[in-house]
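Read the structure below first, then the notes.
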Amino acid sequence: MQKHILIVQGHPHSGGRHLCHALADSYEFGAREAGFKVDTLDVGALDFPILRSGEEWTSEDAPEGLKDAQQQILNADHLVFIYPLWLGTMPALLKAFLEQAVRPGMIKGDKAGLAHMRTLLKGKSARIIVTMGMPALAYRLFFRMHSVKTLQRNILGFVGVGPVFTTLIGLVDKMKPARADKLMDQMKQLGRSAR
């Protein structure tokens, strides 16, 4: 059976061409080259409101504009999240998207109970790719990858996704062409291995 990959482009500026977009393109190129089915979900191009209460999350359906996104997540075997580190965490739009899309009624229509949340996306793996201005080692050791661990453990782990791999890319504002080329090759290789 052909593996299905969903790349979630978490850069909120959908119209621009940022490093995150180039990383996604390279990952997709490698994955398609290996014969995988690949879809890309551009969070910045979606229109949806933010959640304002826990009751909305548990008792209401996701907004109509996110139904296709929910189905894409459900259809995927491997999820790839790519985003820039903003103020020490993922951009607010990506967090708002995850709050809206990944909710109790996503599969079973069970809007009241949270019992099945731990198995909602069980069997799926993921990779988190984060770009940042600071050195990646400083983020890993000094800041202990706080936002990445939040996504890995508190969001993806909460709904059964695992294993979750990480790639941290630091000092992006000082990146030279040779390093950028090497990075794109790395993304292609990750795509080829669906990791």
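Which percentage, to the nearest 5, of the DSSP beta bridges contained in the chain is antiparallel?
Among the beta bridges of the chain, antiparallel pairing accounts for roughly 5 percent.
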Rounded to the nearest 10 Å², the 1.4 Å probe accessible area of E99 is 60
For segment 120-184 the mean separation of alpha carbon contacts under 8 Å (6+ apart) over residue count, i.e. relative contact order in percent, is 55
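Counting Lys and Arg as +1 and Asp and Glu as -1, what is the net charge of the other residues whose Cβ lies under 14 Å from the Cβ of R32? The partial results should precede the final answer.
On the way: positive: K3, K37, K188, R192; negative: D25, E28, E33, D39.
For residues surrounding R32, the net value is 0.
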Under 5 Å from the placed amide H of R127, counting only residues 5+ away or on other chains, we find L79, V80, F81, F165
Here segment 173-189 yields Karplus 3J(HN,Hα) values (6.51, -1.76, 1.60; θ = phi - 60°; whole Hz; Gly and Pro given as x) of 6, 10, 6, 8, x, 5, 5, 4, 4, 4, 5, 5, 5, 4, 5, 4, 5
Shape call for segment 156-195, from the Cα gyration tensor axes a ≥ b ≥ c (a/c under 1.5 means rounded, otherwise prolate when a/b beats b/c, else oblate), comes out oblate
Once phi for every residue in segment 20-37 is put through the Karplus expression 6.51 cos²θ - 1.76 cosθ + 1.60 (θ = phi - 60°), the whole-Hz ³J(HN,Hα) values, with Gly and Pro written as x, are 4, 5, 5, 4, 4, 4, 5, 4, 4, 4, x, 5, 5, 4, 7, x, 7, 7
Of every hundred units of 1.4 Å-probe accessible area on segment 11-140, the number belonging to carbon and sulfur atoms, as a percent, is 53
Checked segment 30-130 against the a/c 1.5 cut and the a/b vs b/c comparison, axes a ≥ b ≥ c from its Cα gyration tensor; verdict oblate
Shape call for segment 116-195, from the Cα gyration tensor axes a ≥ b ≥ c (a/c under 1.5 means rounded, otherwise prolate when a/b beats b/c, else oblate), comes out oblate
As straight-line cross-link partners of K149, the qualifying lysines (C-alpha separation under 21 Å, not fewer than 8 residues apart within one chain) are K95, K122, K124
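When the helices in the chain are scored as -39500 (n - 2.57) per DSSP H run of 4 or longer and the sum is shared across all residues, what 222 nm value do you end up with, to the nearest 500 deg cm²/dmol?
On the way: 7 runs with 66 residues, N = 195.
It comes out at -9500 deg cm²/dmol, rounded to the nearest 500.
Please state the relative contact order of the chain as a whole percent: Cα pairs under 8 Å, 6+ residues apart? Mind dumping the intermediate values first?
On the way: 340 pairs, mean separation 57.2, N = 195.
Once normalised by length, the contact order is 29 percent.
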Under 5 Å from the placed amide H of V161, counting only residues 5+ away or on other chains, we find L121
Here, trypsin sites (Lys or Arg not before Pro) of segment 25-76 satisfying both criteria (DSSP loop; at most 13 other Cβ within 10 Å) are R52
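What does the net charge come to around E64 if you take all other residues with beta carbon closer than 15 Å to its beta carbon, with K and R at +1 and D and E at -1? Numbers along the way, then the final one.
Working: positive: K67, R103; negative: D47, E56, E60, D61, D68.
Computed value for this residue: -3.
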Longest principal axis of the chain (C-alpha) makes with the long axis of helix 92-101 (C-alpha) an angle, in degrees to the nearest 10, of 40
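The values are calculated or read from the model by the stated rules, or taken from the named source; none is laboratory data. Remember, it's a predicted structure, so these values are computed and weren't measured experimentally. We place every Cβ from the backbone using ideal geometry, glycine too, and count neighbours over all the protein chains shown. Calculation scope for accessible area: heavy atoms of the full protein, side chains included, ligands and nucleic acids excluded. Shrake-Rupley method; radii C 1.70, N 1.55, O 1.52, S 1.80 Å.
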